[in-house]
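What follows is a set of notes on a single structure, which appears directly below.
The values are calculated or read from the model by the stated rules, or taken from the named source; none is laboratory data. Model, not experiment: these values are computed from the prediction. Note that we place each Cβ from the backbone using ideal geometry, even for glycine, and neighbour counts take in every protein chain shown. Ligands, DNA and RNA are stripped out before the accessible areas are found, and what is left, the full protein with its side chains, is counted by its heavy atoms. Shrake-Rupley method; radii C 1.70, N 1.55, O 1.52, S 1.80 Å.
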Amino acid sequence: IVFGGATADRKDPLWVRPLNSLAAQMLPGTESGYLPFWSPDSRFIAFFSGVQLKKIDLSGGPAQTLCELPGTGSGGTWNREDVILAGTLGRSPLHQVPATGGQPKPATALDASRQETAHQYPYFLPDGRHFLYLALSAKPDNAGIYVGSLDSEPPRRVVAANSNVAFAAPGYLLFAQGQTLMAQPFD
């Protein structure tokens, strides 16, 4: 597992801990890192640091900056084709960037007819082409969890919720409704 943790010097790095161990290891170069997420092969951890998207190789080496985003990070996901999707706070769609780094480009577009204000917390589905995300709106009834695609298919709303989301095999969406964790069947 990877998690953020405080140190006496208040650098707040990321830590990694194997599930079969009680010892956690600090990841140097991840100070002030937040919202970490794994590469599909579990060799790398990507994370945000301010407006930068970074990654670190768990076998060693320094953290690498992949790109600068137009705002503070709000969730990321990484597929087997080395595509990373990242959300940002503020009025912004999801951004796509290669796992090797480069200029981020929009992966979604805010829908003015739904008065969308942001797309956040992306989560790739098992096919690696479709992804879930939270769409925020100036009209709360339009907010929800949507499924989008790297193949330019129009997004579809799948749940009326104001929560980040995860997919759990064999086929459930995990999200929050108020203070309740929900599991909804999803094909």
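Quick notes on this one:
- Test for P106: is it open to solvent by 70 Å² or more (accessible area, probe 1.4 Å) and closer than 20 Å to A46 by Cα: yes
- Hits in the range 146-160 (condition: part of a loop (DSSP other than H, G, I, E, B), free of Cβ contacts under 8 Å to residues at least 24 places away in the same chain and surrounded by 11 or more Cβ atoms within 10 Å (Cβ to Cβ)): E153, A160
- Of residues in the range 16-42 being aliphatic (A, V, I, L, M) and at negative phi, the one most open to solvent (accessible area, probe 1.4 Å): L22
- Residues of the range 125-145 classified as within 15 Å of the chain's Cα centre (by Cα) and buried (at least 22 other Cβ atoms within 10 Å of the Cβ), total: 6
- When the residues of the range 54-86 are filtered to those that are closer than 14 Å to Y121 by Cα and among the hydrophobic types (A, V, I, L, M, F, W, C), the one that is most open to solvent (accessible area, probe 1.4 Å) is W78.
- Check on L94, under 27 Å from K54 (Cα atoms), open to solvent by 20 Å² or more (accessible area, probe 1.4 Å) and not basic (K, R): no
- For the range 1-43, a residue qualifies if it is modelled with pLDDT of 90 or more, touching a Leu at 6+ places or on another chain (Cβ under 9 Å), under 24 Å from N164 (Cα atoms) and not polar (S, T, N, Q), and the qualifying residues are I1, V2, F3, G4, P13, L14, W15, V16, G33, Y34, P36.
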